[in-house]
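Every read-out reported here was derived from the displayed coordinates using simple, explicitly stated rules and does not represent laboratory data. Quick caveat, the model's predicted, so the values are computed rather than measured. Every residue, glycine among them, receives a Cβ derived from its backbone with ideal geometry; neighbour counts consider all protein chains shown.
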Amino acid sequence: MTSVRSLARSLSAAALSGGLIAATAACGGEVSAETDEAPWQEPASYTYTLTSSEGERALIGTFRVTVRDGKVTKAVGLDASARRVVRQLPDQVPTLGTLLTELDQARRDKADTAEVEYATDGHPTRIFLDWEKNAIDDEALYVISAYEAAGG
């Protein structure tokens, strides 16, 4: 029996091979791809909002993150869980590059699921990781919103 996730992967692959990705990008929609090549170069400075959920891990909550010179310089917890993380484990709040490195590592480790969606400008908007299909609480879901590159 084909799973919904397998079907989605097949449809995604068909869309990519059929050139639908260009049409989606031209219309201003989100682009989804499961490739090993990063379609986006992380700028040295930017801000974004991260909603991190799923699994049993410290980095849970919604954060407003400021990155300068490639490092997180400010993280504001936007909910109780995120405020606790910022207070107790501030070094756990990642840059987008760190999230993409985690995605790459999951792929190298042959995780059951390592999916990413990109905005039309190429920055990631959603990363879903599930290392073992039948394991409980090993997933990670990162939703990236309100991304703004710093002005030059």
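Taken over the range 62-85, the criterion of being of a type in the set (A, V, I, L, M) and under 19 Å from the mean Cα position of the chain (by Cα) is satisfied by VAL65, VAL67, VAL72, ALA75, VAL76, LEU78, ALA82, VAL85. State whether one or more residues within the range 82-97 are out of contact with any strand residue (DSSP E or B) (no Cβ under 8 Å at 6 or more places or on another chain), of a type in the set (A, V, I, L, M, F, W, C) and in contact (Cβ under 8 Å) with a residue 24 or more places away in the chain. There is at least one residue in the range 82-97 that is out of contact with any strand residue (DSSP E or B) (no Cβ under 8 Å at 6 or more places or on another chain), of a type in the set (A, V, I, L, M, F, W, C) and in contact (Cβ under 8 Å) with a residue 24 or more places away in the chain. The residues of the range 129-152 that are in contact with an Asp or Glu (Cβ under 7 Å, 6 or more places away or on another chain) and in contact (Cβ under 8 Å) with a residue 60 or more places away in the chain, listed by number, are ASP137, ASP138, GLU139, ALA140, LEU141.
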